[in-house]
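The block underneath contains the structure these notes are about, expressed in structure tokens.
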Amino acid sequence: MRTLEERLGYTFRDRKRLEGALYHSSYANEHRSLGIHSNERLEFLGDAVLGLVTADYLFRKHPDLPEGDLTRIRAALVCEESLHEVAQSLDLGSYLKLGKGEEAGGGRQRASILADATESVFAAVYLDGGIGSARKIIQKYILSREVAGLTKPRDYKTALQELVQRESGQVLQYRLTGQEGP
């Protein structure tokens, strides 16, 4: 755990908060008799903390950008892929507590599990050290990506819609050209 704290750049006053952020629901279900709870509630809070810190940062940094551009940049910063990359840089997968089935199924590398755990860690930092501590870590691992220009749209359909809708009176229509599969 100390190595993870070093990577985060934050030392927990109550390390149980960090441990709680790493309990996947599969582990919690297998260890229910020990009173262990999953990180899902922390994930919920971490998502909100991440959203607030990111929105506040973008609002202040880009006073001239319209809401749509701010939303697009925020979405690129806080998406699963971005959070998965953060988890990989922290080696978060090696610290997760997984149930036997999830462990056998490759859960330590699963993007969704790692992204959720990243949000849980953000919440644990917030609860342990307040919004300022959470902001520093989010700045280091998430917001620095915006500064580095890593927020290109990953959703090309949305990018096309935004491009077409910039001009008044433009209408984008979709036409099915084929269908295959089940």
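The values are calculated or read from the model by the stated rules, or taken from the named source; none is laboratory data. Source: prediction; values computed, not measured. Here the Cβ positions follow ideal geometry from the backbone for every residue, glycine too, while neighbour counts run over all protein chains shown. Protein only, heavy atoms only, side chains kept; ligands, DNA and RNA dropped before computing areas. Shrake-Rupley method; radii C 1.70, N 1.55, O 1.52, S 1.80 Å.
Data overview
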read-out: Top-ranked residue in the range 98-114 [being assigned to a loop (DSSP other than H, G, I, E, B) and small (Gly, Ala, Ser); ranked as farthest from Leu22 (Cα to Cα)]; value: Gly105
read-out: The range 160-182 residues that are over 20 Å from Leu65 (Cβ atoms) and assigned to a loop (DSSP other than H, G, I, E, B), paired with ones that are modelled with pLDDT under 80 and hydrophobic (A, V, I, L, M, F, W, C) (beta carbon under 7 Å, 6 or more apart); value: Gln170/Val164; Leu172/Val164
read-out: Unique match (being polar (S, T, N, Q) and either open to solvent by 40 Å² or more (accessible area, probe 1.4 Å) or modelled with pLDDT under 90 (or both)) among Ser120, Ser89, Ser82, Ser133; value: Ser89
read-out: Spans of helices (runs of 4 or more DSSP H) in the range 1-53 with at least 2 residues within 20 Å of His84 (Cβ to Cβ) and of a type in the set (Ser, Thr, Tyr); value: 25-30
read-out: Top-ranked residue in the range 15-41 [being open to solvent by less than 30 Å² (accessible area, probe 1.4 Å) and farther than 18 Å from Gly101 by Cα; ranked as nearest to the chain's Cα centre (by Cα)]; value: Ala21
